[in-house]
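Q: Below you will find the structure I want to go over with you.
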Amino acid sequence: YIDALEGGQINEILLEEGAIVEKDEPILRLTNPRLEQIVLNREATLFEQINNMEITRLNMASQAIRNRQDLMRVGLDLQQTDRQYIKTKSLFEHGLESRSNLEISEEKYQNSKRLKTFMLETVRQDSLYRMNQLASLDNRAQSLNRQLDDVRRPLQNLIVRAPVKGQLSELNAEIGRLMGQGTRIGKVDVMDGFKMRVGVDEFYITKIVAGLKGTIEIDDDIYELKI
């Protein structure tokens, strides 16, 4: 049997009674403005969440770039202060530079070393945090996409489809008719598994058992039957 999975108004009848149908072939279309608006509202909410996640991804990527740039600047500064310290120390050893300037140069060098160590640890911690966050965002994105599929499913159900392959033997539908959820619309007969009902004389009743075979002639064609 064919039942309406969602309520609505018949907008289009795609097949006529008696048509041969494939499984899941569309038979008719329903419209349901209220349902469509509910789905649109839910989609908008989910799309907003998906958009916010993408913004978070972009922000994290931008932060990673800034961290690398900062680390490069700190590395260059360390090279410069290192060279300056070596130069000042050499001049001091030859009596061409004061001790105070040597101490200032050494302090700058040590500060640059500490800053690079700090930046390396910061980048490492940020990378670990970003990896965990990205994994969480991926899981959340998959969940939201599944929710989108679930939200859209009622709209898909507005297209009434054949439940099985066979012949559309009944179709109770007309354009504009309102149908509630669960309303019986028609029936599809399976073509490769017909059943026949025959009358049996009382004399033969005791001889009828499951599995008994027989034949029938229809339009000069012989068909095998089995009880």
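Q: Go through region 169-189 and give me each residue that's farther than 22 Å from residue 22 by Cα and assigned to a strand (DSSP E or B).
A: Scanning region 169-189 gives 178, 179.
Q: Which residues, counting only those in region 32-56, are out of contact with any strand residue (DSSP E or B) (no Cβ under 9 Å at 6 or more places or on another chain) and polar (S, T, N, Q)?
A: 37, 41, 45, 49, 51, 52, 56
Q: Would you confirm whether or not region 138-158 contains a residue that is assigned to a loop (DSSP other than H, G, I, E, B), in contact (Cβ under 8 Å) with a residue 60 or more places away in the chain and within 30 Å of residue 30 (Cα to Cα)?
A: yes
Q: Checking residue 51 against (1) free of Cβ contacts under 8 Å to residues at least 40 places away in the same chain; (2) over 23 Å from residue 136 (Cβ atoms), only one condition comes out false. Which one?
A: (2)
Q: Tell me, please, whether a residue that is in the same structural domain as residue 107 (by TED's automatic domain parsing) and in contact (Cβ under 8 Å) with a residue 24 or more places away in the chain can be found in region 86-96.
A: No, region 86-96 has no match at all.
Q: Among (1) in the same structural domain as residue 139 (by TED's automatic domain parsing); (2) more than 30 Å from residue 139 (Cα to Cα), there is one condition residue 28 misses while meeting the rest; what is its number?
A: (1)
Q: Next question. Give the residue, chosen from 127, 143, that is under 18 Å from residue 52 (Cβ atoms) and surrounded by fewer than 14 Cβ atoms within 10 Å (Cβ to Cβ).
A: 143
Q: Give the residue, chosen from 99, 68, that is at pLDDT below 95, under 53 Å from the mean Cα position of the chain (by Cα) and on the phi < 0 side of the Ramachandran plot.
A: Among 99, 68, only 68 is at pLDDT below 95, under 53 Å from the mean Cα position of the chain (by Cα) and on the phi < 0 side of the Ramachandran plot.
Q: Which of the residues that make up region 54-68 are polar (S, T, N, Q) and either in contact (Cβ under 8 Å) with a residue 24 or more places away in the chain or exposed (fewer than 10 other Cβ atoms within 10 Å of the Cβ) (or both)?
A: 56, 63, 67 - these are the residues of region 54-68 that are polar (S, T, N, Q) and either in contact (Cβ under 8 Å) with a residue 24 or more places away in the chain or exposed (fewer than 10 other Cβ atoms within 10 Å of the Cβ) (or both).
Q: Could I ask something else about it? Does residue 181 satisfy the condition of being of a type outside the set (D, E, K, R), touching a residue at least 12 places away in the same chain (Cβ under 8 Å) and assigned by TED's automatic domain parsing to the domain that holds residue 14?
A: Judged against the criteria, residue 181 is a match.
The values are calculated or read from the model by the stated rules, or taken from the named source; none is laboratory data. Treat the numbers as computed from the prediction; the structure is a model and nothing was measured. A quick note on method: Cβ atoms are made from the backbone with ideal geometry, for glycine too, and the neighbour counts reach across all protein chains shown.
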